[in-house]
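Below: one structure, written as structure tokens.
The values are calculated or read from the model by the stated rules, or taken from the named source; none is laboratory data. Small disclaimer: the values here were computed from a predicted structure and weren't measured. With ideal geometry, Cβ positions are generated from the backbone for all residues, glycine too; neighbour counts draw on all protein chains shown. Heavy atoms of the whole protein, side chains included, go into the accessibility calculation; ligands, DNA and RNA do not. Shrake-Rupley method; radii C 1.70, N 1.55, O 1.52, S 1.80 Å.
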Amino acid sequence: MRTSLAIALLVSVLGGVAPAAAQEASFVTLGTNSGPIPNPKRAEPANLLRFGDQDILIDAGDGAAWQLAKAGVPLKNLHAILISHLHFDHTGGLFALISQRYQMLEPSPFTVYGPPGTKALVDGIVATITASSKGGNNMRAFMPGAAGGNVTVVELADGASFDLGAVKVRAVRNTHFVATPGGDTPDALSFAYRFDMGGKAIVYTGDTGASDAVTALAKGADLLVSEIMDPDIALAKVFAGTPNAPQQIKDMIAEHFRREHVSPLEAGLMASRAGVKQLVLTHNALPDDAIEGARASIAKNYKGPVTFAQDLDKF
């Protein structure tokens, strides 16, 4: 109390105005699974960015609505969702988010940002909600407001920049589709996002392989939230479960894991080259007994703090 009084007196003497309390930026890893196989310890990929009165969901894997409730965020507070790419482990929770807001008569605007194809996805969800609300099986059908009446979709291009309140957002194409047949077409986009607010910067890689564009996007960021996968461990697990898969399929999966996801060594390289202050790993496909080995691989290039995130961790 004495300190506050002293500051007030000093400001009065100097003729200035006391500075407002700085708004806190936080990033919550709601779901940290690598998808799409359900994991009893981890929810599907979803993240929450909080700044001032902004609650922004980044990716919406299955269970995102439940994880938001655990984080203390009611659905009425959520007015923006950013989708990194349209793989189902990152979009499976959209139906619940949109339908539950509709069912609870939430009238506030709701915008979904994402790559080309996002509008078709949301239109399909709205059509499903509408189909299940017909007739006498759902009293919501007799109340005002269409299922998608307050939902807007904005499809983004590589390099897109826009504001969400006081949060400045930039989307950059990453390398998640470089090995996918047709992945080089203009509409096959997978994004990393940068968020700048209150003098702080957070970068979310989304699903990506090693990427110069993502490294440049993360330059000087306070927090880099990166996916991680050890391709050798992942391949051994997949092939053990499908020993009779055709070699062509095995080769395709191997190419996907090696080029379209980030290994521990690559995560450390990106963090080091970008000069980020802290590295957080999510979309974690590593077994527990491989974490320390991955940490050692990261440390070969990056000397800053490294955290392997759990569900509902806050940074």
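Summary table below
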item: Potential extension, Thr130-Gln310 segment - 0.36 nm per residue separation minus Cα distance; result: 61.2 nm
item: Carbon and sulfur %, accessible surface of the chain computed with the full protein complex present, 1.4 Å; result: 59 percent
item: Overall dimensions of region 137-269 by Cα: Rg and Dmax, Å; result: 19.4, 56
item: Per-pair calculated FRET efficiency, R0 = 25 Å: Arg273 and Ala157 via Cβ, rounded to 0.05; result: 0.50
item: Beta bridges per DSSP with both ends in the chain, % antiparallel, nearest 5; result: 55 percent
item: Spatially proximal lysines relative to Lys41 (Cα-Cα < 22 Å; intrachain offsets below 8 disregarded); result: Lys70, Lys237, Lys314
item: Potential extension, Trp66-Ala216 segment - 0.36 nm per residue separation minus Cα distance; result: 50.6 nm
item: Per-residue SASA entry for Met104, accessible area with 1.4 Å probe, Å² rounded to 10; result: 100 Å²
item: Å² per residue, accessible surface of the chain at 1.4 Å; result: 48 Å²
item: Top of Phe195, Phe162, Phe88 by mean-square fluctuation, Gaussian network on the chain, Cα under 10 Å; result: Phe162
item: Accessible surface ranking that places the most exposed of Asp289, Asp158 first, with a 1.4 angstrom probe; result: Asp289, Asp158
item: Region 133-266, relative contact order [Cα under 8 Å, separation at least 6], %; result: 20 percent
item: Sequence of Asp207, Asp53, Asp123 from largest to smallest accessible area, 1.4 Å probe; result: Asp53, Asp123, Asp207
item: Accessible area, probe 1.4 Å, largest first, for residues Thr242, Thr282; result: Thr242, Thr282
item: With DNA, RNA and ligands ignored, accessible area of Lys200 (1.4 Å probe; Å², nearest 10); result: 100 Å²
item: Kyte-Doolittle at least -0.5, axis length at least 20 Å by Cα - qualifying DSSP helices, the chain; result: 118-132
item: Inter-part distance where region 215-288 and region 80-116 are each reduced to a Cα centre, Å; result: 26 Å
item: Projected label distance in nm at Arg140 and Ile249, using a 7 Å step from Cα toward the beta-carbon; result: 3.7 nm
item: Residue with peak Gaussian network fluctuation, the chain [Cα springs, cutoff 10 Å], from Asp196, Asp184, Asp288; result: Asp288
item: Mean Cα-pair separation over length for the chain, i.e. relative contact order, pairs under 8 Å, 6 or more apart, %; result: 16 percent
